[in-house]
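Peer 1: Structure provided below as structure tokens; questions to follow.
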Amino acid sequence: MTMTNLPPLETSDMLERDLLVVGAGPAGLAAATRAAELGLSTILLDEQPAPGGQIYRAISTTPVQERNILGADYWHGLDLLTPFQRSGAQYLASATVWSINPREPQADGLGFEVAYSVTGASADPQAGLLHCRHIILATGAQERPFPIPGWTLPGVITAGAAQILLKTSGVVPEGRTVLAGGGPLLYLLAYQYLNAGVKIETILETTPSGQWMQALPHAWGFLRSAYLGKGLKMLRAVRKAVPIISGVSALEAVAGANGQVAELRYTADGQPRTIAVDQLLLHQGVVPNTNLSRAIGAEHAWNERQDCWEPAVDAWGATSVPHLTIAGDGAGIAGAMAAEHRGRLAAIQAAASLGRLDSAARDREAAPHRLALARATRGREFFEVLYRPQPQFRRPVGNTIVCRCEEATAEQVREAARMGCQGPNQLKAFLRCGMGPCQGRFCGLTVTELIADEQQRHPRDVGYYRLRFPTKPVTLGEIATLPQTQASREAVVRFKK
């Protein structure tokens with residue numbers, strides 16, 4: 001299945017649309033589809049070369065065609081893709097949004113100026129500008145940082161990265177493969193690997209057994225959810241085929257003579273142990289991807305149960321920024337099915353805010369999606385409590401690298417905090433943390449928690465990086481390809497400043 005029947009776009013054109021959707025995962029596809037059906041001129045921009053997001057990545061292009069390997073939940077992505085193709089919404093692949101600027105009130109109602117770049121297969125990136133009346137961010141989730149000693153070694157990757165290789169290229173590991181951490185994705189990847197014929201040496205489970213007791217008050221919702229049957233089937237298959245070591249409280253990856261990971265040292269039930277490895281796959285949950293929402297100025301709050309930041313949104317996904325809505329896991333982790341329904345609710349609200357629906361019609365349209373969302377989120381509290389990552393894996397010590405871009409260590413961050421550094425923004429002057437190409441995506445949570453730990457403060461009081469556009473690296477060459485308008489000249493001035 002391809003996307004060839006979608007309307008082509010030229011980045012040399014100045015685009016004007018009612019609605020921009022950023023991100024082509026379940027929330028973005030559902031939002032763009034419903035918005036176009038409601039009569040909004042809609043465009044969907046996504047960084048990947050094909051739609052699907054992380055959950056349904058490469059759904060239209062994956063070489064893994066044996067349905068049992070990736071599972072029925074993955075192939076549900078086709079049920080989102082087909083309506084999107086027919087909706088009339090426009091789609092631009094390999095497009096990175098790097099600037100969103102609210103405009104002064106305009107007679108045409110186009111309240112945002114958006115700069116983006118498109119990466120072609122054989123050409124340099126081309127930048128474009130877009131004016132729109134409403135934006136839905138569907139940027140999804142990212143894996144929580146898992147900063148252990150040696151996590152930057154060759155051969156050590158996250159479970160999410162391993163899943164990308166599987167879905168996009170059909171690539172699976174060879175040799176001694178170990179999975180370590182906790183959370184549903186860790187076991188889903190193990191299950192998919194087993195279906196693909198991959199041998200897994202062991203799974204090192206970092207979730208303490210005592211957290212089952214803490215999760216029990218939320219068990220009723222879990223027992224009534226769709227997670228129960230799927231989860232039990234997956235766990236039975238994994239436990240039957242793979243040795244699982246519980247009670248793991250410390251991890252360290254060690255390099256061999258060739259500089260790649262060769263050994264994993266860990267502590268289980270208080271006893272130090274060692275295992276030889278060729279690949280180590282790490283995972284301890286996912287958190288909202290908030291870089292764009294932060295850069296545009298939306299308010300964020302600390303989620304106590306999930307130990308992460310998330311945008312402050314209402315039941316429709318609306319933020320503190322007028323006409324900016326966030327849908328899916330980018331607004332708070334709830335899973336793929338919930339993201340889909342939250343995307344539709346965001347689209348309905350966008351149509352209402354732009355005058356296409358009155359409040360009564362909006363509520364009628366939303367009613368079935370609210371019921372479906374309630375069903376999809378049933379049981380989430382159980383998972384959140386059960387798989388809450390342990391402090392020692394969120395707040396490293398010693399020479400463990402925290403900021404991969406600038407190679408700053410945990411001890412350096414802690415020392416800066418002891419010297420009086422009050423937060424991540426001030427830390428930039430000490431260590432340049434958050435100033436590299438990733439703009440803090442891989443270190444932001446860790447830095448906040450380390451400063452809070454050293455100063456005995458709450459993470460919400462420590463805060464997060466103050467992000468500014470461009471949120472992704474952009475070259476002067478890309479800037480030069482912007483459409484020659486007054487808006488593009490102003491963008492160049494902002495870039496130089």
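Peer 1: What is the set of long-range amide H partners of PHE112 at a cut-off below 5 Å, with H atoms built 1.01 Å from backbone N?
Peer 2: Residues meeting the criterion, in which the H sits 1.01 Å from N, are ARG103, CYS132.
Peer 1: Follow-up question, since we're still on this one. Size of the dipole of the chain about the Cα centre, Lys and Arg at +1 and Asp and Glu at -1 on the beta carbon, nothing else charged, in debye to 20?
Peer 2: On the way: 48 positive and 44 negative charges, 145 e Å.
It works out to roughly 700 debye.
Peer 1: Grab the Cα-Cα distance for ALA301 and GLN390, subtract it from 0.36 nm times how many residues apart they are, and report the gain in nm with one decimal. Present the calculation step by step, with values, prior to reporting the outcome.
Peer 2: Values: separation 89, 0.36 × 89 = 32.04 nm, distance 2.07 nm.
Full-extension gain reported as 30.0 nm.
Peer 1: Apply the Karplus parameterisation 6.51 cos²θ - 1.76 cosθ + 1.60, with θ equal to phi minus 60°, to every residue of the stretch 155-161 and state each ³J(HN,Hα) to the nearest whole Hz, in sequence, with x for glycine and proline.
Peer 2: 3J(HN,Hα) across the stretch 155-161, in whole Hz: x, 10, 9, 7, 4, x, 5.
Peer 1: Can you list the HN-Hα couplings for the stretch 224-231, worked out from phi with the Karplus curve (6.51, -1.76, 1.60; θ = phi - 60°), rounded to whole Hz and with x for Gly and Pro?
Peer 2: 9, 9, 6, 5, 4, x, 5, x
Peer 1: Check which residues have an amide H placed less than 5 Å from THR202's amide H, if you skip close sequence neighbours.
Peer 2: When sequence neighbours closer than 5 places are left aside, the close amide H contacts are LEU179.
Peer 1: Another one. Run the numbers on the stretch 351-442 and let me know its relative contact order in percent, using alpha-carbon pairs under 8 Å that are six or more apart. Display every interim value, and only then the final one.
Peer 2: On the way: 56 pairs, mean separation 15.8, N = 92.
Normalised by residue count, the contact order of the stretch 351-442 is 17 percent.
Peer 1: For a Förster distance of 60 Å, can you work out the FRET efficiency between the beta-carbons of LEU228 and LEU476, rounded to the nearest 0.05? Could the numbers behind the result be given before it?
Peer 2: Values: r = 54 Å, r/R0 = 0.91.
After rounding to 0.05, the efficiency reads 0.65.
Peer 1: In addition: Which value, in Å², gives the accessible area per residue of the stretch 234-389 when a 1.4 Å probe is used on the protein heavy atoms? Walk me through the numbers before you get to the answer.
Peer 2: Working: 6410 Å² over 156 residues.
Value returned for the stretch 234-389: 41 Å² of accessible area per residue.
Peer 1: Right, here's the next one. Show me 260-268, 134-142, 470-478 ranked by packing, highest mean number of other Cβ atoms within 10 Å first.
Peer 2: 134-142, 260-268, 470-478
Peer 1: Positive end of the dipole of the stretch 263-358, charges at C-beta (+1 Lys, Arg; -1 Asp, Glu), about the Cα centre: which of GLN279, TRP302, ILE348 has its Cα farthest in that direction?
Peer 2: ILE348
Peer 1: I've got another one for you. Spelling out what I want: for every residue of the stretch 114-120, take phi, set θ = phi - 60°, compute 6.51 cos²θ - 1.76 cosθ + 1.60 (Karplus), and round to whole Hz; glycine and proline get x.
Peer 2: Running phi through 6.51 cos²θ - 1.76 cosθ + 1.60 with θ = phi - 60° gives 10, 9, 8, 10, 10, 9, x Hz.
Peer 1: May I ask you to work out the translational diffusion coefficient for the stretch 72-209 at 4 °C, viscosity 1.567 mPa s, via Stokes-Einstein with Rh from the Kirkwood sum over Cα pairs, reported in whole µm²/s? Could the numbers behind the result be given before it?
Peer 2: Details: Rh = 19.2 Å.
Estimated via Stokes-Einstein, D reaches 68 µm²/s.
Peer 1: Testing the spin-label approximation: label points 7 Å from Cα along Cα→Cβ at ASN399 and TRP220. State their distance in nm.
Peer 2: 5.3
Peer 1: Okay, next question. Which residues' amide hydrogens lie under 5 Å from the amide hydrogen of ALA24, considering only partners 5 or more residues apart or on another chain, with H built in the peptide plane?
Peer 2: GLU47, GLY52, GLY53
Peer 1: Using the Cβ atoms and a cut-off under 15 Å, what net charge is assigned to the surroundings of SER293, where Lys and Arg are +1 and Asp and Glu are -1?
Peer 2: On the way: positive: ARG294, ARG342, ARG441, ARG466, ARG468, LYS472; negative: GLU299, GLU310, ASP314, ASP329.
Neighbour charge sum, excluding SER293 itself: +2.
Peer 1: Give me the percent of the accessible area of the chain that comes from carbon and sulfur atoms, probe 1.4 Å, all protein chains in place.
Peer 2: Numbers: 11070 of 21100 Å².
Percent of accessible area from carbon and sulfur atoms in the chain: 52.
Peer 1: Describe numerically, in nm with one decimal, the distance between label points set 7 Å from Cα along Cα→Cβ at GLU263 and at ALA360.
Peer 2: If labels sit at GLU263 and ALA360, their model points lie 7.5 nm apart.
Peer 1: Rounded to the nearest 500, what is the chain's calculated 222 nm mean residue ellipticity when only DSSP H runs of at least 4 contribute -39500 (n - 2.57) each, over all residues? Show your work: numbers first, answer last.
Peer 2: Values: 20 runs with 181 residues, N = 497.
The per-residue figure over the chain is -10500 deg cm²/dmol.
Peer 1: Also, quick follow-up: When you count, for each residue, the other Cβ atoms within 10 Å and take the mean per peptide, how do 415-421, 294-300 rank with the highest first?
Peer 2: On the way: 415-421: 15.7, 294-300: 18.3.
The densest-packed peptide leads the list: 294-300, 415-421.
Peer 1: With labels modelled as points extended 7 Å from the Cα through the Cβ direction, what inter-label distance (nm, one decimal) is found for ALA250 paired with LEU110?
Peer 2: Between ALA250 and LEU110, the label points sit 6.0 nm apart.
Peer 1: Moving on to the next point. If you count, for each residue, the other Cβ atoms within 10 Å and average over each peptide, how do 251-258, 432-439 line up from highest to lowest?
Peer 2: Answer by packing, highest mean first, reads 432-439, 251-258.
Peer 1: Rounded to the nearest 5, what is the percent of antiparallel bridges among the DSSP beta bridges in the stretch 172-301?
Peer 2: Details: 13 of 25 bridges.
The antiparallel proportion sits near 50 percent.
Peer 1: Using a 4.7 Å cut-off between beta carbons, which cysteines in the chain end up with no partner cysteine at all?
Peer 2: CYS132, CYS308, CYS405, CYS421, CYS438
Peer 1: So how strong a dipole does the stretch 102-249 carry about its Cα centre when Lys and Arg Cβ are +1 and Asp and Glu Cβ are -1, to the nearest 20 debye?
Peer 2: Values: 12 positive and 8 negative charges, 174 e Å.
My answer is approximately 840 debye.
The values are calculated or read from the model by the stated rules, or taken from the named source; none is laboratory data. All values derive from a computational prediction rather than experimental measurement. Quick reminder, even Gly has a Cβ in these numbers, built from the backbone with ideal geometry, and neighbours come from all protein chains shown. Side chains are part of the model used for accessible areas, which takes the heavy atoms of the whole protein and leaves out ligands, DNA and RNA. Shrake-Rupley method; radii C 1.70, N 1.55, O 1.52, S 1.80 Å.
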